[in-house]
1. For the stretch A:50-61, how many residues meet the condition of being more than 12 Å from chain B (Cβ to nearest Cβ) and either without any contact (Cβ under 8 Å) to a residue 60 or more places away in the chain or out of contact with any helix residue (DSSP H, G or I) (no Cβ under 7 Å at 6 or more places or on another chain) (or both)?
2. Hey, could you check the stretch A:195-204 for residues that are in a loop (DSSP other than H, G, I, E, B) and hydrophobic (A, V, I, L, M, F, W, C) and say which is farthest from A:LEU183 (Cα to Cα)?
3. Being in contact (Cβ under 8 Å) with a residue 40 or more places away in the chain and hydrophobic (A, V, I, L, M, F, W, C) is the filter; apply it to the stretch A:105-124 and report the residue that is nearest to B:ALA101 (Cα to Cα).
4. Only one of (1) among the aliphatic types (A, V, I, L, M); (2) under 25 Å from the mean Cα position of the chain (by Cα); (3) not in a helix (DSSP H, G or I) is not met by B:LEU27, so which one is it?
5. Within the stretch B:5-14, is even one residue within 13 Å of chain A (Cβ to nearest Cβ) and among the basic types (Lys, Arg)?
6. So which residues in the stretch A:261-272 are farther than 30 Å from A:GLY237 by Cβ and in contact with a Leu (Cβ under 6 Å, 6 or more places away or on another chain), if there are any at all?
7. I'd like the residue in the stretch B:179-215 that is farther than 17 Å from B:VAL168 by Cα and hydroxyl-bearing (Ser, Thr, Tyr) and, out of all such residues, is surrounded by the most Cβ atoms within 10 Å (Cβ to Cβ).
8. Looking at the structure I just gave you, is B:TRP127 in contact (Cβ under 8 Å) with a residue 12 or more places away in the chain and in the same structural domain as B:TYR235 (by TED's automatic domain parsing)?
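The values are calculated or read from the model by the stated rules, or taken from the named source; none is laboratory data. Model, not experiment: these values are computed from the prediction. Reconstructed Cβ throughout: ideal geometry from the backbone, glycine too, with neighbour counts over all protein chains shown.
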There are 2 protein chains.
Amino acid sequence: MSKEKQFVKEITDMTVDFPQWYTDVVLKTELVDYGPVKGTMVIRPYGYAIWENIQNELNRRFKEKGVKNAYFPLLIPESYMKKEAEHVEGFAPEVAVVTHAGGEKLQENLVIRPTSETIICQMYAKWLQSYRDLPIIMNQWCNVMRWEKTTRPFLRTSEFLWQEGHTVHATEEEAEQEAQTMLGVYKEFAENALAIPVFVGRKSEKEKFAGAVATYGMEAMMLDGKSLQAGTSHYLGQNFAKAFDMKFLDKDGTLKYGYSTSWGVSTRLIGALIMAHGDQRGLVLPPVVAPIQVIIIPVAAHKGGVTEKTEEVAAKLKAAGIRAEIDAREESAGWKFNEWEMKGVPVRIEIGPRDIENGQMFVARRDTHEKNSYALGDVAAIENLLCDIQKNMLEKSRKLRDEKVVWAENLNEIIKGVDGNFVKAPWCGCRECEEKVKQSASATTRVMTEDDVSGKTCAICGKPAKTVVFFARAY
Amino acid sequence: MSKEKQFVKEITDMTVDFPQWYTDVVLKTELVDYGPVKGTMVIRPYGYAIWENIQNELNRRFKEKGVKNAYFPLLIPESYMKKEAEHVEGFAPEVAVVTHAGGEKLQENLVIRPTSETIICQMYAKWLQSYRDLPIIMNQWCNVMRWEKTTRPFLRTSEFLWQEGHTVHATEEEAEQEAQTMLGVYKEFAENALAIPVFVGRKSEKEKFAGAVATYGMEAMMLDGKSLQAGTSHYLGQNFAKAFDMKFLDKDGTLKYGYSTSWGVSTRLIGALIMAHGDQRGLVLPPVVAPIQVIIIPVAAHKGGVTEKTEEVAAKLKAAGIRAEIDAREESAGWKFNEWEMKGVPVRIEIGPRDIENGQMFVARRDTHEKNSYALGDVAAIENLLCDIQKNMLEKSRKLRDEKVVWAENLNEIIKGVDGNFVKAPWCGCRECEEKVKQSASATTRVMTEDDVSGKTCAICGKPAKTVVFFARAY
């Protein structure tokens, strides 16, 4: 975490109180506000614009994988939730329940979807007839609700926005492959759109999705060394197919259960962006998802030609597909610099009378604070700069992250290590050892790696290791 | 309604049973299916793709008007609903209520938003400080819930998707203007994107939104002469501002209540598209919102070069921004023709060995059933054809509609007229006359026109007329 002196007075020093820094940043940059119902959030325009960019980036990638968007109902009959035994156990404690509607008590209670496997499998079972209908690959963008005790904007809220993909396949291999493919899409998206490097891998039995055969997760390191689960992809086997009688007539003329998957990312990703890239001045947004990529500030705007020139430059940038805006408000230039730095806009352009005389514009980049003059209206230079910022942010994050991955051979090293780092340790795979780490280090297993474990012993119990796993404290 | 002989066997003849024709079309074209909870719908990929196109078209228009998207919570404290007297009266009977969450009974019941004026005004009241913060112009795309007794896919469902814009202004004039401006956006969108001509105007007191000072609506005529309310824009005056203490410090140093508006369109628009343009063969979709604009069908695909040529033409069309797809399935060409006609794809291209020999492609348009040969891969010709179809569909709808607007001087003429038409009649403006028409003709006032009424008398009671209004049966 940067030791740079606190810059914007109203934001708490991140080295002193990181959680408070986070809260200050999300509220003061107007990404979000607290909703009136406990645990809910209002996503304000600046935050929602990030979400729209995330949606666009993901929709493009989904389409390439043959995903079709659809929309399934919000309310799920309570009885559906109970059809898959592990699923109900996992989600029942945190659902919101509709008991009355249209002025009457309902015959059956309805739950607000915490996730939609049950209702979607019910519909798939109706639609699925023959092997010709497979694979089914759909996604929905929607709101879901999980009643949480402790909440924080974006990271954990009662209601949040997400996408949930749900697929059905004829074979185990194909479904397993689909879960892996979508995990790969998430990883590539996280790295290239969000500039956040991630570790991906299988989750432990304890950490897997309620009702899954296997859950694959991607874990992003935040600036405080804690982990944020940024996306998951589940191989569901025939668990939901059997619970919802989701069968198809195969080529060989026999009825078979399908194999399903589900995968999702949510508005948590905005929280990840903030805590992976932010600094003492506030947000630092990667250009690909930044609502405003370039802010143009007229200096001494009352002087002849300044307003016209800023508008000319803005128009040029917009024509090139760059999200550029002019801040023509009455406030001082200095006030505006702080404002847009806090809001994490990747590039700031200042244009004043002297710049115009020299045929130049003054350009400041948010990530490195470097400043340079470019030829006035040089669109290509700004395009290159945005590319460079995107690349630099990923590299910087990766370097920072890799420095904070430590190796542990025993429980003490794990306990010491998880204080600000991800800990890699050999593990026997049993739940007792996982619990022991949780009790003594407040850390959980994040994802299992593919690392070679031959000859290694579990850092907790000393028995032969089955995997090398990441332990970390997590959001 | 077209008398053309029923073509696709499974679709009911629209001249015999229009409601059943509608149900057949929405289900068989896989736009939608019934959800498991009564009154809910599942929007399937083909239907959802139309909705996404509607969203894109509207978002572009909204952006030009300075609208910013945001997201507000799904659940509203029951007490909020009660703050505006008329609002609660209108919506309380049809809300769904969450009484339990996280395994416990809630201290206060929460309603699932039927519309979000209350929760949004609560937030605006918190954010709004000074005249500098005005106007506030936000929109959200979301799901809402209104527990309805009688439901039909897209037209009236317990849960539906919509956009709701909510604005606050410093003056009455500005807010009134905003309500009108957004009505204008809707009208232009309905005509140019959906190819549906609409009548716009103010709603009667009886038909206005619960809590509004004035509601402006746009009414579209369906093929059976009934009206579908396709969008509304409300001037809310200070009703919600006062209920939620939404005040700002004006330039003159005094605290004033803001003036607000709200406006929305929903997935009903998909129902409007079906019933305004459909025919005996199924859907007829206007190119601007059609999920697939051009379907390419290889004829005798096993013969040399056919597959390659279809792919080449598809690639060319896609590169020009046309939503083109190839149907390479095993089914016969004839089966595919019927399938895509039913699904309303604007243009069908057939490419077979003889076409390739002649350097041609065979092109059929859905709206007029005209068929022509064009030079193989002539993208400009297809672009022109799509433009022409869009234009023709609007003109055809307008002509059909204008023929079905009749004038009435008395109640008998209204009763006779509303059977398959919109009736224009002078009206005194009183609720008794409105009720009388409803009782005797099952028709309601739709919107008031700007027509001159001097010297005219109310068609129902004979008193001096205050306006010329549209009466119609409505969805």
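1. So in the stretch A:50-61, the residues more than 12 Å from chain B (Cβ to nearest Cβ) come out as A:54, A:57-58, A:60-61.
Now drop any that are not either without any contact (Cβ under 8 Å) to a residue 60 or more places away in the chain or out of contact with any helix residue (DSSP H, G or I) (no Cβ under 7 Å at 6 or more places or on another chain) (or both), which leaves A:60.
Number of matching residues: 1.
2. Within the stretch A:195-204, the subset in a loop (DSSP other than H, G, I, E, B) is A:195-197, A:203-204.
Still in the running and hydrophobic (A, V, I, L, M, F, W, C): A:195-196.
On the way: A:ALA195: 16, A:ILE196: 15 Å.
Only one residue tops the list, namely A:ALA195.
3. Result: A:ILE119.
4. Tallying (1) among the aliphatic types (A, V, I, L, M); (2) under 25 Å from the mean Cα position of the chain (by Cα); (3) not in a helix (DSSP H, G or I), B:LEU27 fails exactly one: (3).
5. The answer is no; no qualifying residue exists.
6. Let us first name the residues in the stretch A:261-272 that are farther than 30 Å from A:GLY237 by Cβ, namely A:270-271.
If the condition is that a residue be farther than 30 Å from A:GLY237 by Cβ and in contact with a Leu (Cβ under 6 Å, 6 or more places away or on another chain), then A:GLY271 is the only one that fits.
7. B:TYR186
8. Working: in contact (Cβ under 8 Å) with a residue 12 or more places away in the chain: no; in the same structural domain as B:TYR235 (by TED's automatic domain parsing): yes.
So B:TRP127 fails the test.
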